[in-house]
Amino acid sequence: MSPLSLSVLAAPAVITEPPEIDYGLLSPMLVVFAVGVIGVAVEAFAPKDKRRIVQLWLAGLGLLAAFVLTVLQVGAVTGPEAGVAIAFGTVMVDGPALFFQGTILVLALVSLLLIAEHRDGESAFAAQAATVPGSGEEAEHRLAGSQHTEVYPLVMFAVLGMQLFVSAGDFLTMFIALEVMSLPLYLLCGLARTRRLFSQEAALKYFLLGAFSSAFFLFGIAMVYGYAGSVQFGAVHEAIGAGGAGTIENGEPLLLIGIALIAVGLLFKVGAVPFHNWKPDVYQGAPTPITALMASCTLVAAFGALLRVFYVAFGGAVWEWRPMMWVVAILTMVVAAAIAVTQRDVKRLLAYSSVVHAGFILTAVVAASPEGLAGAMFYLAAYGFTTIGAFAVVTLVRAREGGGEAGELAQWAGLGRTSPFLACSLALFLLAFAGIPLTSGFIGKFAVFEAAVAAGATPLVIVGVLSSAVTAFFYVRIIVLMFFADPAESAPKVLKPGALTGTAIIVGVAATLILGVFPGPVLDNLVPQPVPEAVNGTQPAEAGMVPGDMFVR
Amino acid sequence: MTSYLAAEATAVTAAADGAVHTYAWLLIAFPLLGAAILLLGGRRTNTWGHWLAIAMSLASFAWAVTSLFALLSYAPADRSRVVEVYRWIEVGGFSADVSLLLDPLSITFVLLITGVGSLIHIYSVGYMAHDDSRRRFFAYLNLFVAAMLVLVLADNYALLFLGWEGVGLASYLLIGFWQYKPSAAVAAKKAFLINRVGDIGLLIAIMVLFTTFGTVAFGPLFEAAPGAGQGVMTAVGLLLLLGACGKSAQLPLQAWLLDAMEGPTPVSALIHAATMVTAGVYLIVRSGPIFEAAPTAQLVVTIVGAATLLAGAAIGCAKDDIKKALAGSTMSQIGYMVLAAGLGPIGYAAAIAHLVTHGFFKAGLFLGAGSVMHGMNDEVDMRRYGALRSAMPITFATFGLGYLAIIGVPFLSGWWTKEGIIQAAFDSGGVTGQILGWATLLGAGLTAFYMSRIMFMTFFGKKRWAEDAHPHESPMSMTVPMIVLAVGSVALGALLVFNYTLAQFLAPVVGAPHHEFDLAHMVLSPYSLIALALMLAGVAFAWVRYARADVPGAAPKGNFVTVAARNELYGNAVNEGLFMRPGLVLTKASTAFDNSVVDGLVNGVARWVKGSSEGLRLTQTGFARSYALTMLFGAAIVVATTLGVSFA
């Protein structure tokens, strides 16, 4: 708890001393930011034919360096409630923040492999996005081999936003992070090489709806500020504990509306029903490597922020927001699973599957306990690797004509016979999505459901199990289709995975298996073991034990 | 039969320490790796695959010997070691472990499995030399060894069941190894089906145990078993027995074993004589505390054992197929073991001792039979053998030693261990003890008769060979394992039983021997002398019938007993009438039920889900404006729930 927020409240005067900033702790973000900036400079100064390779190395090494720096900081924040608030408590470096940042960086690195994949001089991105689709100008650029190497700095900025999103210490920083993360993604979504109109439509939709949700988020922040007199998470928590900051009489409705509106903003990013509509359209329209990035990194970042807000800032109001989360979680699990059943396009199916998984993770949020936090963290990491692997497979299955991806599920029949290894990896990913034992998906589901049951949310878990039974149905249907059906007339051509895509698939397979067979080392160390009196996590809201004890306030 | 030894039998189980025990999983890993390499490696491993399989089996054996010595370095009471191999998942109060139990009982089995297994691997190099798919054969053998080791090393019923199913799978694959023979395919299927019946028993037993005690690990289970209700324990005991009957070919699930002889002979020796079929005995002995808490179940075990012991002997007397005659003998000998295991602590050590010696001499006999078949163009009908002793001297000598051991010639392996069972049966006391004891004595006489019949019909008498038969001795790779097994058939019994060495070793697990070792009593007790007399009578009768007299080329009509025995005591007819026909009717009925009721339900649900899915899909219009509207409604719902809950 930083006293600074209270001083802000008491005297909103200008602070004259310069803030003391620990640049060491901020270094992972600074590195990513620097790489992004250098990337822009490279666009300006490097010769055209060298840009891609320079950008790739720059981005790869930058992400790697940031990851190493993140890992190095783990030692600094051991033990419960350990963590450091930086720059007036606007950025928090604690266990969950480091875990989420590390996960985002690794997943971004794997996604980068897909983004960089090149085949016969063609990447997944439009030659020149500014040209009118189908125009002669576009064809010219295509023939000239133009490339959008700006993709790399854009990805870096998005990753920077994600890093900040999960470690923000107040609502305003979080909002800025949200925009830093989202704006590059809106752009990236519109850059698909094939079906460009479709892609641009998706980008525009994503942008409009994203802006809409941001407005909700901002409005919620204003409400909460009205109630608590501060935007700092710790201060909001204090204010809720004290029954209001004293600035407004009977301010509770303000708080409740604020919680609800902030929830809308965050649940939109997560893609929970009824804020999920953008997901299928955007996932389908965006270039598949970018879809992989969004399905893994953005989801991790959104949940990281959601967990921080609801465990720290609103940790004292669990009873107020829990029913709302129940409703959203149930809607998400039921509706998305039901719609997914009739999907015929692989990317749309994976999009709905991502929505269902968000519902499963929400059950852990409902638990509001250290176990719930640990379960959600494990689930996100495991799901991230699996989903990148699945999208990597999607990039390889191409239509016979035009070279676009063969999204139609019917075309995937018999894939198990023509390319067994690819089909086997996809089957593994699908089994992990379905939560079959010995895959990481099973452990993740087990962990979040266990936490939810311990917190008394058994009905929610029953809905979750039923929903996962429905989802298992369509995952298994794909496996059956791939291995037991005869190849379709319009059988797609399956590209041989290049070194980059191959690595991404192998990483996905390895992570899915290792986290499924040896989950112990990760699962046990996610959360610092709670101090003995806090072990009774079954009644987390009682006796001053708040779910956010793993976060620094 | 109250267990007055129970206190001594509960050794304290300690966590494993020391490198040898910590790496006990290597025992299983070696053959498993071998199987994986051979199966995945494909044709590339054809040239050296079998050597790899042998190396893996031998490595496992070497590790077993090392483990034995490491175990012996502890005080007897500390010889139960749990090796936690790997904790799969631990969330909240739930944890799932894979742990192995190294104790005198399991290490005895491990040594038998890897030792005899390695010998049979070596033998198979020669036996399968001309088979195109020898690599696959060795892969399955390795797979079998690994699964069997999982079975005996498991420290809980769940893992045991995994091994149990694993050996079932390996057995299925190996019985049907020559799939092109319809009889082999049918036999494999039959073994598979009958074993399923037993497996269901075991599975239900495990479920009952878990619901009653909340655990399936041996240690806590056996501690809690004496305090549990009679009814539950009896039910569990009978269900475990059903499992044991399936795997060990005991009545009424015996019918598959004779047909299983369709598999290659090394398989018959390893799986259907020495190791897998004894898994039932292992299960009963390992579950001792459960059976001791359920005297009724114990009584049923002894009855099943005694009945099978006589039925198997009867079948052995009548079969002309050398392998089927030996299979009948296997049934009968396992009947002995099951009987002893049903006697409780006084019989456990005797059962295990007989199991080990039987593993040696029966494997030796099967390998001998295989060697004969190898030299006789795969002829199995003993009426086409005769006077082979000069053509195949080594086979004759090794087979002969195994023969002398199994009929119980004093001071050979079989005598030591069979005497132990006879003694234990009479010592168990009461009328039951007398009945069981006389059954074992009668069995000893029958054993002498049918084994002599095999011996004389094969190696003595006149040549009755087919015209193109040119019997010849088998190659070294086949004879050497036979010689090793023959040495075991001669000496192993004395080694294990004299001074109750094995019984003392097993004491921490199964309870100490109930009296001092007394050689004079063993040789000169009236029962021992009766057994000897019956044996001599059996041999003499066989000599008259099959060595002195001519053996007709076709089987004589025989009286009704012979005919019944030849037909395997109508086991198949019973199965057909009792299970297959009602089963067919039941299948038809349930298919109809499934089609109309279950499918109707399932399809109805599926239709409903699909219908609602189609309906919901319509909300996905693609228009950003309608999405925004949905979001607005969503936000309204979220705000309403949050406010509503607090102010309602």
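The values are calculated or read from the model by the stated rules, or taken from the named source; none is laboratory data. Every value quoted in this text rests on a predicted model; they were computed, and no experiment measured them. For neighbour counting, all protein chains shown are included, and Cβ atoms are generated from backbone atoms with ideal geometry for every residue, glycine included. What goes into the accessible areas is simple: the full protein's heavy atoms, side chains included, and nothing from ligands, DNA or RNA. Shrake-Rupley method; radii C 1.70, N 1.55, O 1.52, S 1.80 Å.
Within this structure, A:Thr342 fails the test of being under 30 Å from A:Val397 (Cβ atoms), modelled with pLDDT of 95 or more and among the polar types (S, T, N, Q).
From the list A:Val84, A:Val91, A:Val32, A:Val71, the one residue that fits, being of a type outside the set (Lys, Arg), open to solvent by less than 20 Å² (accessible area, probe 1.4 Å) and within 24 Å of A:Asn525 (Cα to Cα), is A:Val91.
Checked against (1) within 30 Å of A:Ala202 (Cα to Cα); (2) open to solvent by less than 50 Å² (accessible area, probe 1.4 Å), B:Thr562 passes all but a single condition, namely (1).
Quick check on A:Leu396: is it within 17 Å of A:Leu422 (Cβ to Cβ), open to solvent by 10 Å² or more (accessible area, probe 1.4 Å) and either touching a Leu at 6+ places or on another chain (Cβ under 6 Å) or away from chain B (no Cβ under 12 Å) (or both)? Spelling it out, it is not the case that A:Leu396 is within 17 Å of A:Leu422 (Cβ to Cβ), open to solvent by 10 Å² or more (accessible area, probe 1.4 Å) and either touching a Leu at 6+ places or on another chain (Cβ under 6 Å) or away from chain B (no Cβ under 12 Å) (or both). For segment B:455-500, the set of residues classified as aromatic (Phe, Trp, Tyr) and within 25 Å of the chain's Cα centre (by Cα) consists of B:Tyr500 only.
Answer with yes or no whether B:Leu52 is under 21 Å from B:Val125 (Cβ atoms) and either at pLDDT below 90 or in contact with a helix residue (DSSP H, G or I) (Cβ under 7 Å, 6 or more places away or on another chain) (or both). So B:Leu52 passes the test. Take the conditions (1) touching a Gly at 6+ places or on another chain (Cβ under 7 Å); (2) modelled with pLDDT of 90 or more; A:Phe483 misses just one of them, which is (2).
For A:Glu150, are the conditions met, namely being in contact with an Asp or Glu (Cβ under 7 Å, 6 or more places away or on another chain), more than 14 Å from chain B (Cβ to nearest Cβ) and open to solvent by 10 Å² or more (accessible area, probe 1.4 Å)? Yes, satisfied. Among the residues making up segment B:292-322, those that are aliphatic (A, V, I, L, M) and closer than 30 Å to B:Pro226 by Cβ are B:Ala293, B:Ala294, B:Ala297, B:Leu299, B:Val300, B:Val301, B:Ile303, B:Val304, B:Ala306, B:Ala307, B:Leu309.
Filtered by the rule that a residue be open to solvent by less than 10 Å² (accessible area, probe 1.4 Å) and among the aromatic types (Phe, Trp, Tyr), segment A:94-115 gives a lone residue, A:Phe100. For segment A:277-297, the count of residues that are open to solvent by 10 Å² or more (accessible area, probe 1.4 Å) and over 30 Å from A:Val151 (Cα atoms) is zero. Only one entry of B:Pro481, B:Pro513, B:Pro526, B:Pro475 meets the criterion of being farther than 30 Å from B:Gly368 by Cβ and touching a residue at least 60 places away in the same chain (Cβ under 8 Å), and that entry is B:Pro513. Remark: B:Phe505 falls outside the filter, which requires a residue to be over 18 Å from B:Gly400 (Cα atoms), open to solvent by 40 Å² or more (accessible area, probe 1.4 Å) and touching a residue at least 60 places away in the same chain (Cβ under 8 Å). Each residue in segment A:429-445 was checked for being crowded, with 22+ Cβ neighbours inside 10 Å and closer than 17 Å to A:Phe474 by Cα, and 7 of them qualify. Output the residue which, of all residues in segment B:613-628 that are within 17 Å of A:Leu349 (Cα to Cα) and not charged (D, E, K, R), is nearest to the chain's Cα centre (by Cα). Once the filter is applied, the top-ranked residue is B:Ser613. Looking at B:Ala533, B:Ala554 in this structure, which one is open to solvent by 50 Å² or more (accessible area, probe 1.4 Å) and without any contact (Cβ under 8 Å) to a residue 40 or more places away in the chain? Within the list B:Ala533, B:Ala554, the selection yields B:Ala533. With a requirement of 3 or more residues that are away from every other protein chain (no Cβ under 14 Å), the helices (runs of 4 or more DSSP H) lying completely within segment A:425-524 that satisfy it span A:458-484, A:499-517. Consider segment A:482-499 and keep the residues that are surrounded by fewer than 18 Cβ atoms within 10 Å (Cβ to Cβ) and under 30 Å from the mean Cα position of the chain (by Cα). The one that is farthest from A:Gly121 (Cα to Cα) is A:Val494. Taken together, A:Val522, A:Val517, A:Val531, A:Val448 contain a single residue that is surrounded by fewer than 22 Cβ atoms within 10 Å (Cβ to Cβ) and either modelled with pLDDT of 85 or more or farther than 21 Å from A:Asp94 by Cβ (or both), which is A:Val517. Tallying residues that are in contact with a helix residue (DSSP H, G or I) (Cβ under 7 Å, 6 or more places away or on another chain) and either in a loop (DSSP other than H, G, I, E, B) or hydroxyl-bearing (Ser, Thr, Tyr) (or both) within segment A:398-413 yields 2. B:Gly41 falls short on exactly one of the conditions (1) buried (at least 19 other Cβ atoms within 10 Å of the Cβ); (2) at pLDDT below 80; (3) assigned to a helix (DSSP H, G or I), and that condition is (1).
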